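See structure below.
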Amino acid sequence: MLPPMTFAIDDADVRAVLTAALDAGADFAELYAEQRRGRNVRLDDRRIEDLTSGRDRGAGIRVMRGAQTGYAYTNLLTRDAMVEAARVAAAGVQGNAKRTVADLTTVSPPVVHPVAEDPFAVDGRRLVEIVREAEDAAWSVSGDVRQVTVIWADTSQDVFLANSEGTRVVERRVRTRLVAMVVAARDGVVQTAFQGPGAAVGMELLRDHPPAEVGARAARQAVHMLDSRPAPAGELPVVLAAGSGGVLFHEACGHGMEADIVAKQASVYAGRRGERIGTPQLTGVDDGTDVGRWGSYSFDDEGTPAQRTVLFDQGVCTDYLTDRLRATELGIPRSGNGRRQSYAYLPIPRMSNSYILPGDDDPAEIVRGVTRGLYCDDLGGGQVDPASGDFVFGVDQAHLIENGEITHPVRGANLVGDGPTVIGRITAVGTDFGVRQGICGKDGQGVPAGLGNPTLLIERITVGGTG
C-alpha cells in the first residue's frame, strides 16, 4: 500500500494566488501544483548504464478570459512565488470582469487506481536485480542475440489543483514500466524487438509481467524474425493481432478527434459528428477510467473527472475529446481529456487509453477466412497527417497468411492509408482484446497513453514491401 498523500497547499495561500490571478479582470483562474519523484535503471549489454532518481515540484497558474489565456509557472511553492507567477499570467489577460474566488470544495474521484505494492518501498538493489533477470533471460534464448537493453522506470506524481470556481482536487498517480529491447543477427540479417509492459500500478506489475518473461519474449521475437522474408507489396487483407492495432487507431483516428485540432478545422473528422465513417462492427472509445491502465487517471489536469468517451459507435462518429477551452469553443461538454506533461505546460486535449472494443468474431476464424494476406503481430512507429488522416506505419513483426493459416514471418512491411478509409474497411472484430503502452507526443509534451484492440480484419489496405 502507498503511504497517505500529504501534499496540499493551504487554503489561504490558494485564495491569495487565485485572487491575484483575477485582479486584471479575467473570468477564470486555476492553480495546478505537483510534486513528482521518479527512478530509472538502464542496463545495456550487461552493464548498468544509468541508476538515477529525481524529484521535481512546482506550480503553474492559468488565467483565462474567453479564448485568451495567460500562463506562468514557478518551481517554488511559497505564497510569494506563486502570487508573483499569478500576476505575470494575469498581465497577459486584461478585462473588466470582477470575479471573486469561490469557497473551495474537494471533489471526490469517480474512480481510483489502487497500488498494492509501493515501488518506492523497493531499493535500488532490487531494481538492479529485476533488470538483470530480464537481461539474463534474453541472452539465454539464442546465440544469435547480439545486444540487450533493459530499463525499469517508476514515477509517483502528487497533484493538487484548485480554481476560482471553487473546485479542489488531489490525486496521486503511480506508474511503473519494464522495457526490454533486443537486437539479433545472423548471416547479415539484423532484427530488433521491443517489449514494454507498463501500468498505473506498483510493483505488482511484475506479477503479470515477470522480468524473465519480458526479456525472453523480446529475444524470441528478434530471433524469430531472422528467418523472415521480405514482405509482399500491394493491396492485401490485413489482420491486426489483439493489442497490435491500437497504435493505428490512436494515431490515424484518435488525434483527429482531439478538440483543438477539430476546432481549427485541421482534422478530417471535423464537422462529422453523427456521420457513419467506420463499419458497423467498429466501436472506439477513449477511457481514462479503466482501472490500473497505463493512461488512466482519476482527474484530468484541469480537475475534470476522468470519463469514458465514445468516439465511434458502430461506425458513427459520436464525440470529440475536449479540455475546458475547446469544449467552450465547440459548445460541447468537457470530456476529461485536458492533460499536461507537468506544471510547466498548459493543458491540451489528449487521449488517455484509446481502444477499439471487442466484437463478436472468433479470432481464429478471422484468420481462417483469409486466403492470402498479412498478419501483423506488432506495429511500429509511423507518421500521420490529422488534416487528411493519411498515415504510414511500420510493422515490427508480421507473418504471411496463406489459405487461412499463419505461415512464414516477413520483414520490412509498411501499412499505407488514411484513417476514415481504413475504419470503413474493418469487416471483422474479434472477441479477444490486448493492450500496449506508449508515450504520446504532441506540441512538445509527452504523456502516458494506453492502446488497445481485439483481433481485426481490414479487408484491404496498401502494404508497402520489397517481396
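The values are calculated or read from the model by the stated rules, or taken from the named source; none is laboratory data. In this text the structure is predicted, and so the values were computed from the model without any measurement. Don't worry about glycine lacking a Cβ; one is built from the backbone with ideal geometry, like all the others, and counts go over all protein chains shown.
Of the residues making up segment 376-393, at least one is surrounded by 21 or more Cβ atoms within 10 Å (Cβ to Cβ), at pLDDT 95 or above and of a type outside the set (D, E, K, R).
Selection of segment 212-232 for residues being surrounded by fewer than 22 Cβ atoms within 10 Å (Cβ to Cβ), within 17 Å of residue 132 (Cβ to Cβ) and either in contact with a strand residue (DSSP E or B) (Cβ under 7 Å, 6 or more places away or on another chain) or of a type in the set (S, T, N, Q) (or both) yields only 217. So is residue 421 part of a strand (DSSP E or B), of a type outside the set (A, V, I, L, M) and surrounded by fewer than 20 Cβ atoms within 10 Å (Cβ to Cβ) or not? Answer is no for this residue. The single condition from (1) part of a loop (DSSP other than H, G, I, E, B); (2) more than 15 Å from the chain's Cα centre (by Cα) that residue 297 fails is (2). The single condition from (1) within 25 Å of the chain's Cα centre (by Cα); (2) crowded, with 19+ Cβ neighbours inside 10 Å; (3) under 30 Å from residue 398 (Cβ atoms) that residue 200 fails is (3).
Can you work out which of the residues in segment 443-467 that are part of a strand (DSSP E or B) and among the polar types (S, T, N, Q) is surrounded by the fewest Cβ atoms within 10 Å (Cβ to Cβ)?
Of all residues in segment 443-467, those part of a strand (DSSP E or B) come to 445-453, 456-464.
Now drop any that are not among the polar types (S, T, N, Q), which leaves 445, 453, 462.
On the way: 445: 17, 453: 30, 462: 14.
Applying the filter and picking the extreme gives 462.
Got a sec? Which of 107, 41, 14 is at pLDDT 95 or above, buried (at least 21 other Cβ atoms within 10 Å of the Cβ) and within 30 Å of residue 204 (Cβ to Cβ)? Don't jump to the end; show me each part of the working.
On the way: 107 fails: buried (at least 21 other Cβ atoms within 10 Å of the Cβ); 14 fails: within 30 Å of residue 204 (Cβ to Cβ).
Exactly one of 107, 41, 14 is at pLDDT 95 or above, buried (at least 21 other Cβ atoms within 10 Å of the Cβ) and within 30 Å of residue 204 (Cβ to Cβ), namely 41.
Taking the criterion of being basic (Lys, Arg) and either touching a helix residue (DSSP H, G or I) at 6+ places or on another chain (Cβ under 6 Å) or not assigned by TED's automatic domain parsing to the domain that holds residue 233 (or both), the only residue of segment 414-467 that qualifies is 436.
When residue 55 is tested against (1) surrounded by 13 or more Cβ atoms within 10 Å (Cβ to Cβ); (2) under 17 Å from residue 344 (Cα atoms); (3) in contact (Cβ under 8 Å) with a residue 12 or more places away in the chain, exactly one condition is not met: (1).
Being among the charged types (D, E, K, R), touching a helix residue (DSSP H, G or I) at 6+ places or on another chain (Cβ under 9 Å) and over 23 Å from residue 359 (Cα atoms) is the filter here, so list the residues in segment 285-311 that pass it. Before the answer, list the steps.
Step one: filter segment 285-311 for residues among the charged types (D, E, K, R), giving 286-287, 290, 293, 300-302, 308.
If we keep only those that are touching a helix residue (DSSP H, G or I) at 6+ places or on another chain (Cβ under 9 Å) as well, we get 286, 302.
302, the sole residue that qualifies.
Residue-by-condition table, conditions (1) at pLDDT 95 or above; (2) in the same structural domain as residue 297 (by TED's automatic domain parsing):
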| residue | (1), (2) |
| --- | --- |
| 153 | yes, no |
| 164 | yes, no |
| 176 | yes, no |
| 188 | no, no |
| 191 | yes, no |
| 195 | yes, no |
| 198 | yes, no |
| 220 | yes, no |
| 237 | yes, yes |
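Inspect segment 303-318 for any residue being in a loop (DSSP other than H, G, I, E, B), surrounded by 22 or more Cβ atoms within 10 Å (Cβ to Cβ) and at positive phi and give the result as yes or no. Yes: one or more hits.
Being closer than 18 Å to residue 37 by Cα and β-branched (Val, Ile, Thr) is the filter here, so list the residues in segment 50-71 that pass it. Listed by number, the list holds a single entry, 52.
Given 291, 183, which one is surrounded by fewer than 21 Cβ atoms within 10 Å (Cβ to Cβ), under 20 Å from the mean Cα position of the chain (by Cα) and at pLDDT 95 or above?
Values: 183 fails: under 20 Å from the mean Cα position of the chain (by Cα).
Only one candidate passes the filter, namely 291.
So, of the residues in segment 58-73 that are within 19 Å of residue 101 (Cβ to Cβ) and among the aliphatic types (A, V, I, L, M), which turns out to be surrounded by the most Cβ atoms within 10 Å (Cβ to Cβ)? Top of the filtered list is 63.
Could you tell me which of the residues 396, 432 is touching a Pro at 6+ places or on another chain (Cβ under 8 Å), closer than 22 Å to residue 294 by Cα and touching a residue at least 12 places away in the same chain (Cβ under 8 Å)? Let's see the steps before the verdict.
Details: 396 fails: touching a Pro at 6+ places or on another chain (Cβ under 8 Å).
After applying the criteria, what remains is 432.
Residues satisfying the criterion are present in segment 355-368 (criterion: crowded, with 20+ Cβ neighbours inside 10 Å and touching a helix residue (DSSP H, G or I) at 6+ places or on another chain (Cβ under 8 Å)). Checking each residue in segment 123-161 for being of a type in the set (Gly, Ala, Ser), buried (at least 19 other Cβ atoms within 10 Å of the Cβ) and over 25 Å from the mean Cα position of the chain (by Cα) picks out 137, 138.
Inclusion of residue 254 among residues that are surrounded by fewer than 23 Cβ atoms within 10 Å (Cβ to Cβ), under 25 Å from the mean Cα position of the chain (by Cα) and in the same structural domain as residue 322 (by TED's automatic domain parsing) is not warranted.
Matching residues to (1) of a type in the set (A, V, I, L, M); (2) more than 26 Å from residue 295 (Cα to Cα); (3) outside the structural domain of residue 296 (by TED's automatic domain parsing); (4) touching a strand residue (DSSP E or B) at 6+ places or on another chain (Cβ under 8 Å):
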| site | (1), (2), (3), (4) |
| --- | --- |
| 35 | no, no, yes, yes |
| 44 | no, yes, yes, yes |
| 52 | no, no, yes, yes |
| 78 | no, yes, yes, no |
| 95 | no, yes, yes, yes |
| 100 | no, yes, yes, no |
| 112 | yes, no, yes, no |
